[in-house]
Amino acid sequence: MASTDLRDRRPLSPHLQVYRPNLTMMMSILHRITGAALYFALLLGIWWLVALASGPEYFTFVNGIFGSWFGLLILFGATYALFHHMMGGIRHLIWDTGRAFAIPAAEHMAWMSLALAAGLTVLVFVAGWLAA
Amino acid sequence: MGRGFQTPLRRARGSGSAHEGTSHFLAQRVTAVFSILLAAFVMVLAVLLAGSDYETARAVAGNPFVAAGLLAAAATFVYHMMIGMQVIIEDYVHGALARPLLLAANVLFCGLVFILSALAIAKIAFGA
Ligand code: HEM
């Protein structure tokens, strides 16, 4: 809608759409997405605690949902989000000390955190499967 | 009032978009560090309790040390995610009504989530 308001016609600096997507930019966005996902995924943990507090019947019911293929899929995604966000958070904490801002270092940390997040997620599920 | 002798920089200091300066930034970092330890604790617990029955899970989670860890995790995660979500809302929502409403909803949601988890952990720990 054409507006004569000066505010609507002021020039804007280039934004996201003019940049070619790159690794560190994707990781930055993913840190926020995983953080927001964890905001809601925490409810899964609380649900399990409430079930455990409620008694054997409800606990078995909730455990059944978590143990179904669909439940495990959701838990796998939530666990990956947690480890991805944790590794991203550690990268932030390293940057906060003034280190690793050069592009090669930042990209190296990005690949490392992807590998570690995937590895830790698989580790938790294999260990859980062995323990169960 | 009482700020007449301050330079403009002094007055601007400590005032970000949330008017609380760097306190949230620092709290985000401190809770992040604790979250690493507490998330590791929760993951280990999840592995140990995978597939266990009600009695076992209740006994393990009811141990005072484990319950204390769970409560610390709930408090840390909820505070960390509350200030994190506040930043997200402040970044994207600018409506005169939507912004304060969502900011308030965030605090309400996080408060309720923490109360619920604290009550559940307390019930498990005290064995009611
Ligand atoms: C496991 C260890 C964790 C670490 C090391 C960590 C670290 C961080 C850091 C450093 C930030 C600030 C990012 C920035 O300034 O751009 C952040 C943001 C955030 N975190 Fe975490 N976090 C952790 C766990 C969690 C958990 C468990 C949740 C949710 C329950 C969570 C939710 C969020 C949210 C919603 C944000 C805001 C995202 C944004 O502003 O882009 N985090 N985290």
| message | When you check A:Thr60 against the structure, is it away from the ligand (no atom under 11 Å from the Cβ), closer than 17 Å to B:Gly51 by Cβ and within 12 Å of chain B (Cβ to nearest Cβ), yes or no? | response | yes
| Counting just the residues of the stretch A:89-99 that are more than 10 Å from chain B (Cβ to nearest Cβ) and either surrounded by 14 or more Cβ atoms within 10 Å (Cβ to Cβ) or of a type in the set (Phe, Trp, Tyr) (or both), which one comes out farthest from A:Leu123 (Cα to Cα)? | A:Trp95
| Is there any pair linking a residue in the stretch A:31-51 that is more than 7 Å from chain B (Cβ to nearest Cβ) to one that is surrounded by fewer than 19 Cβ atoms within 10 Å (Cβ to Cβ) and not in a helix (DSSP H, G or I), with Cβ under 8 Å and at least six apart or on different chains, and which? | none
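Residues checked against (1) at negative phi; (2) among the aliphatic types (A, V, I, L, M); (3) touching a strand residue (DSSP E or B) at 6+ places or on another chain (Cβ under 8 Å); (4) at the interface with chain A (Cβ under 10 Å from one of its Cβ atoms):
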| residue | (1), (2), (3), (4) |
| --- | --- |
| B:Ala68 | yes, yes, no, no |
| B:Ala73 | yes, yes, no, yes |
| B:Tyr79 | yes, no, no, no |
| B:Ile83 | yes, yes, no, no |
| B:Ile89 | yes, yes, no, no |
| B:His94 | yes, no, no, no |
| B:Val107 | yes, yes, no, no |
| B:Cys110 | yes, no, no, yes |
| B:Leu119 | yes, yes, no, yes |
| task | Starting from the stretch A:75-88, keep only residues that are more than 15 Å from A:Ala36 (Cβ to Cβ) and more than 9 Å from every other protein chain (Cβ to nearest Cβ), then list their pairs with residues that are more than 10 Å from the ligand (Cβ to nearest atom) and among the polar types (S, T, N, Q) whose Cβ atoms are within a distance under 6 Å, requiring at least 6 positions of separation or different chains. | result | A:Met87/A:Ser113
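Residue-by-condition table, conditions (1) among the β-branched types (Val, Ile, Thr); (2) surrounded by 16 or more Cβ atoms within 10 Å (Cβ to Cβ); (3) closer than 27 Å to B:Met85 by Cβ:
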{"position": "A:His15", "(1), (2), (3)": "no, no, yes"}
{"position": "A:Val18", "(1), (2), (3)": "yes, no, no"}
{"position": "A:Gly55", "(1), (2), (3)": "no, no, no"}
{"position": "A:Asn63", "(1), (2), (3)": "no, yes, no"}
{"position": "A:Ala81", "(1), (2), (3)": "no, yes, yes"}
{"position": "A:His84", "(1), (2), (3)": "no, yes, yes"}
| query | In the stretch B:47-57, is there at least one residue being within 11 Å of another protein chain (Cβ to nearest Cβ), at pLDDT 95 or above and touching a Ser or Thr at 6+ places or on another chain (Cβ under 6 Å)? | reply | no
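Hey, can you tell me all the residues within the stretch B:91-110 that are within 12 Å of the ligand (Cβ to nearest atom) and charged (D, E, K, R)?
B:Asp91
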| request: Please determine, by comparing only the residues of the stretch A:11-27 that are in contact with a helix residue (DSSP H, G or I) (Cβ under 8 Å, 6 or more places away or on another chain) and part of a helix (DSSP H, G or I), which one is nearest to the ligand (Cβ to nearest atom). | output: A:Met27
| Among the residues of the stretch B:68-90, is any away from the ligand (no atom under 13 Å from the Cβ) and over 19 Å from A:Phe40 (Cα atoms)? | yes
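The values are calculated or read from the model by the stated rules, or taken from the named source; none is laboratory data. Keep in mind it's a predicted model, so treat the numbers as computed, not measured. Here the Cβ is made from the backbone with ideal geometry for all residues, glycine too, and neighbour counts use every protein chain on show.
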